[in-house]
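Participant: First, the structure itself, so that you have it in front of you.
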Amino acid sequence: MAQRILVIRPSRRADQFIALLEQTGAQVCQTPVMSIEPIVDGQSIKNLILDVDNFDKAICVSGNAAELTIEWLDRYWPMQPVGIEFFAVGQQTAQILAAADIAALSPSGRQNSEALLGLAELQDLSGQRVVIFRGQGGREILGDTLVKRGARVDYCELYKRVINSGQALLARQQLPQSDCLVAHSGELLVALGEQFGELGAETAVVVPSERVAEIARELGYRNIVSAENALPESMLAAVQKAL
């Protein structure tokens, strides 16, 4: 019988991770407990986009941030602004930017804010302006650290994360029948809720980092596998290890 993999992250076009899972013969159940919604009132976004050529560096924290940044730039910049250096928290995000002819530096190995902050180009930022493209309520470690390194930081919040309570309930019902739960962020695990049942607690859980693994432990999961990073190949390897 094919092993059942429960994936709870928001749906995305041409999901490479899902494709890799299906190639292994696994039975993949996609139950997105969260959706990504672009910010409707975009005046503050527009102001930052029009001013983007006055920044020294721009950082996209996710694939969603990269896609929406590209849309906004296309709307107001017929040609790419010059003089600004782009960064991406992960290689997938960098690839999205590259497809729009925006070269972006990203860390190898771990794909998170801490790894990005290790890049030599982000050490001494005295007098530099940095814009961070992200969703509402993102982690503060990136901006706070850049400020300590001398940067003036602005946030451009392009989207919000919305919990779907009906899908979260469905995922909780599916969990005991699943061989593996894949959660790409701590927010997704929190949306799913604490695991009081023995079966739910024992289900293998694959996460992209030790930070998310700690959240899983706090919620009552016991069988946790942390991937090297959030790249599809790394997450697949972690799923295979978990099973």
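Participant: Would you check which residues across the stretch 120-154 are under 25 Å from Gly42 (Cα atoms), buried (at least 17 other Cβ atoms within 10 Å of the Cβ), without any contact (Cβ under 8 Å) to a residue 60 or more places away in the chain and not hydrophobic (A, V, I, L, M, F, W, C) and list them?
Facilitator: Gly143
Participant: If you don't mind, another one. Can you name the condition, by its number, that Ala26 falls short on among (1) under 21 Å from the mean Cα position of the chain (by Cα); (2) surrounded by fewer than 21 Cβ atoms within 10 Å (Cβ to Cβ); (3) among the aliphatic types (A, V, I, L, M)?
Facilitator: It is condition (1) that Ala26 fails.
Results for (1) farther than 27 Å from Val212 by Cβ; (2) free of Cβ contacts under 8 Å to residues at least 60 places away in the same chain; (3) assigned by TED's automatic domain parsing to the domain that holds Phe133; (4) not aromatic (Phe, Trp, Tyr), shown as yes or no for each residue.
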residue	(1), (2), (3), (4)
Gln23	no, yes, no, yes
Gln27	no, yes, no, yes
Asn64	no, no, yes, yes
Glu71	yes, yes, yes, yes
Ala104	no, yes, yes, yes
Ser108	no, yes, yes, yes
Ser113	no, yes, yes, yes
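Participant: Among helices (runs of 4 or more DSSP H) lying entirely in the stretch 48-133, which contain 2 or more residues that are in contact with a Cys (Cβ under 6 Å, 6 or more places away or on another chain) and more than 28 Å from Ser11 (Cα to Cα)? Give the steps one after another, and end with the answer.
Facilitator: On the way: elements: 63-76, 91-99, 113-116.
Counting at least 2 such residues, we get no helices (runs of 4 or more DSSP H) at all.
Participant: Among Ile224, Ile163, which is closer than 29 Å to Leu73 by Cα, modelled with pLDDT of 90 or more and out of contact with any Leu (no Cβ under 8 Å at 6 or more places or on another chain)? Quick ask: steps written out before the conclusion?
Facilitator: Numbers: Ile224 fails: closer than 29 Å to Leu73 by Cα.
On inspection, the qualifying residue turns out to be Ile163.
Participant: Separate question: How many of the residues making up the stretch 215-243 are under 15 Å from the mean Cα position of the chain (by Cα) and among the acidic types (Asp, Glu)?
Facilitator: Summing the residues that are under 15 Å from the mean Cα position of the chain (by Cα) and among the acidic types (Asp, Glu) in the stretch 215-243 gives 1.
So that you can scan it fast, the table gives a plain yes or no per residue for (1) hydroxyl-bearing (Ser, Thr, Tyr); (2) assigned to a helix (DSSP H, G or I); (3) assigned by TED's automatic domain parsing to the domain that holds Gln173; (4) free of Cβ contacts under 8 Å to residues at least 40 places away in the same chain:
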{"residue": "Val206", "(1), (2), (3), (4)": "no, no, yes, yes"}
{"residue": "Val212", "(1), (2), (3), (4)": "no, yes, yes, yes"}
{"residue": "Arg217", "(1), (2), (3), (4)": "no, yes, yes, yes"}
{"residue": "Arg222", "(1), (2), (3), (4)": "no, no, yes, yes"}
{"residue": "Val225", "(1), (2), (3), (4)": "no, no, yes, yes"}
{"residue": "Asn229", "(1), (2), (3), (4)": "no, no, yes, no"}
{"residue": "Ser234", "(1), (2), (3), (4)": "yes, yes, yes, yes"}
{"residue": "Ala238", "(1), (2), (3), (4)": "no, yes, yes, yes"}
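Participant: Just need a number here: residues in the stretch 173-189 that are buried (at least 18 other Cβ atoms within 10 Å of the Cβ), in contact with a helix residue (DSSP H, G or I) (Cβ under 8 Å, 6 or more places away or on another chain) and in a helix (DSSP H, G or I).
Facilitator: 3
The values are calculated or read from the model by the stated rules, or taken from the named source; none is laboratory data. Bear in mind the structure is a predicted one, so any value in this text is a computation, not a measurement. We place every Cβ from the backbone using ideal geometry, glycine too, and count neighbours over all the protein chains shown.
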